[in-house]
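The values are calculated or read from the model by the stated rules, or taken from the named source; none is laboratory data. Everything numeric in this text was worked out from a predicted model, so none of it was measured. For neighbour counting, all protein chains shown are included, and Cβ atoms are generated from backbone atoms with ideal geometry for every residue, glycine included. Side chains included, ligands, DNA and RNA excluded: accessible areas come from the protein's heavy atoms. Shrake-Rupley method; radii C 1.70, N 1.55, O 1.52, S 1.80 Å.
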Amino acid sequence: MKFETLAIHGGNIISDEKQPVVQPITLSTTFHHKEGSPTYSRAANPNRDALEQVLAKMERGKAAAAFSSGNAAGMAVFQSLQAGSHIIAPNDMYHGMRKQLEEIFDGILEVSFVDLTETENLKRAIKPQTKLLWIETPSNPLLKISDIKVLSSIAQSHGMKVVCDNTFATPVFQNPLALGADLVMHSATKYFGGHSDILGGALITKEEDSFWQRIKNVQITGGAVPSPFDCYYLTRSIKTLPYRMKGHAAHAGQIASYLTQHPKVEAVYYPGLKDHPGHEIAAQQMSGFGGMLSFLIKGDAYDADRFISRLQYFANATSLGGVESLIERRAGVEGPDTKTPQNLIRVSVGLEHLDDLFGDLDQAFEAI
Ligand SMILES: Cc1ncc(COP(=O)(O)O)c(C=O)c1O
């Protein structure tokens, strides 16, 4: 089955005897005791089964676990490690995940944040108690690229598990499991949901081994699971994911080129650009470069904020992956201890007509 077909049919579990074409939403939290039926919705629900089935297929994994948010999915990985384990994570890790490691797991897990765009940095950071490598590529918000294949093989030769946050690329453009990672993590809130109205997260595994059993236990016993409604809407949104991603990537590529030519722009970060430092690796491990980009506007935070305030179609809001274009000055969102440049503007390029997006950018640049 080709990817587009899989996205449409891979999550359809029809349990109703009237055979609706679309799976109904099963709201019941409890089920008659019967062989093969779920018992209780925190442990399993038909809509979550359907979502997990299509997620596992899209990421070419053995199984998936759906969570109530991307952060809950990531936290389930950290909760599945033994206390005292050491983790290596990127120094520009998504700031919410970094906050978990620094604050919630302080005194429980040890972490080294390193620049994983240089594979030598991984080798230098490994300790006897290192159990996990966390990769995020392309990274948020600098769109840095890490080599999944090389990093995974180094980490696994030291007995570590490798998790890759694949939120920006989605399985449409990148399959970390096929490149050697053990687990894939997603904020399903982003491109999977695609309409900025569902919060969700997911983990997908290559093997149903003992580490996966620990994660399943955190999911089921910890209970940070998505509702049947959320699972239903995610499964529905995923049906259009391949076509949405093609549109997002085509638009982002053209806007990135436009920005590189603009006299009021200092730098553009998009892995599809030939002069992006990670372009060559991105071209090897991705089949498209995604819909996210960031750029440095000439000037300071004030100039960046003034430019953003003039835009009409790009909503000044956080998050990403919806059909509508979103824009924000990232340092303003990440807070006072951010390492992101103050004039960095992150764009989630939407599916509005490109003429309207270019027109909007033109008038905002002219106004500053
Ligand atoms: C790359 C990345 N990973 C994880 C998350 C966390 O996901 P959620 O907001 O669904 O908890 C985000 C959210 O912005 C993200 O951008």
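Taking the stretch 11-27 as the range and being surrounded by 11 or more Cβ atoms within 10 Å (Cβ to Cβ) and within 30 Å of the chain's Cα centre (by Cα) as the test, the residues that pass are Gly11, Asn12, Ile13, Ile14, Val22, Gln23, Pro24, Ile25, Thr26, Leu27.
Mind counting the residues in the stretch 295-307 that are open to solvent by 10 Å² or more (accessible area, probe 1.4 Å) and outside any loop (DSSP other than H, G, I, E, B)?
Within the stretch 295-307, residues that are open to solvent by 10 Å² or more (accessible area, probe 1.4 Å) and outside any loop (DSSP other than H, G, I, E, B) number 6.
Please work out if Pro128 is within 14 Å of the ligand (Cβ to nearest atom), modelled with pLDDT of 95 or more and in a loop (DSSP other than H, G, I, E, B). So Pro128 fails the test. Taking only pairs six or more apart or across chains, which ones have beta-carbon atoms under 7 Å, a first residue in the stretch 72-83 that is within 10 Å of Gln219 (Cα to Cα), and a second residue that is within 12 Å of the ligand (Cβ to nearest atom) and aromatic (Phe, Trp, Tyr)? Every condition considered, the pairs that remain are Ala73/Phe67; Ala76/Phe67. Filtering the stretch 1-51 to residues that are within 19 Å of Leu203 (Cα to Cα), touching a strand residue (DSSP E or B) at 6+ places or on another chain (Cβ under 7 Å) and either without any contact (Cβ under 8 Å) to a residue 40 or more places away in the chain or basic (Lys, Arg) (or both) leaves only Arg48. Take Leu143 and tell me if it is within 23 Å of Asn71 (Cβ to Cβ), assigned to a loop (DSSP other than H, G, I, E, B) and away from the ligand (no atom under 12 Å from the Cβ). No: the conditions fail for Leu143.
All conditions but one from (1) within 24 Å of the chain's Cα centre (by Cα); (2) loosely packed, with under 15 Cβ neighbours inside 10 Å apply to Ile8; the one that does not is (2). Filtering the stretch 63-79 for residues that are away from the ligand (no atom under 16 Å from the Cβ) and closer than 20 Å to Phe192 by Cα leaves a non-empty set.
Scanning the stretch 312-362 for residues that are within 17 Å of Thr260 (Cα to Cα) and either among the acidic types (Asp, Glu) or surrounded by fewer than 18 Cβ atoms within 10 Å (Cβ to Cβ) (or both) gives Leu354, Phe358, Gly359, Asp360, Asp362.
Please give the helices (runs of 4 or more DSSP H) falling wholly within the stretch 177-294 in which 3 or more residues are within 16 Å of the ligand (Cβ to nearest atom).
228-238, 241-261
Summed over the stretch 40-82, the residues that are assigned to a loop (DSSP other than H, G, I, E, B) and either of a type in the set (A, V, I, L, M) or open to solvent by 10 Å² or more (accessible area, probe 1.4 Å) (or both) give a count of 11.
Conditions (1) of a type in the set (Ser, Thr, Tyr); (2) within 26 Å of Leu293 (Cα to Cα), marked per residue:
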| residue | (1), (2) |
| --- | --- |
| Ala202 | no, yes |
| Arg214 | no, no |
| Gly222 | no, no |
| Ser227 | yes, no |
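Here Ser37 does not qualify as modelled with pLDDT under 95, of a type outside the set (A, V, I, L, M, F, W, C) and either part of a helix (DSSP H, G or I) or open to solvent by 80 Å² or more (accessible area, probe 1.4 Å) (or both). Among the criteria (1) within 18 Å of the chain's Cα centre (by Cα); (2) away from the ligand (no atom under 15 Å from the Cβ), the one Lys149 does not fulfil is (1).
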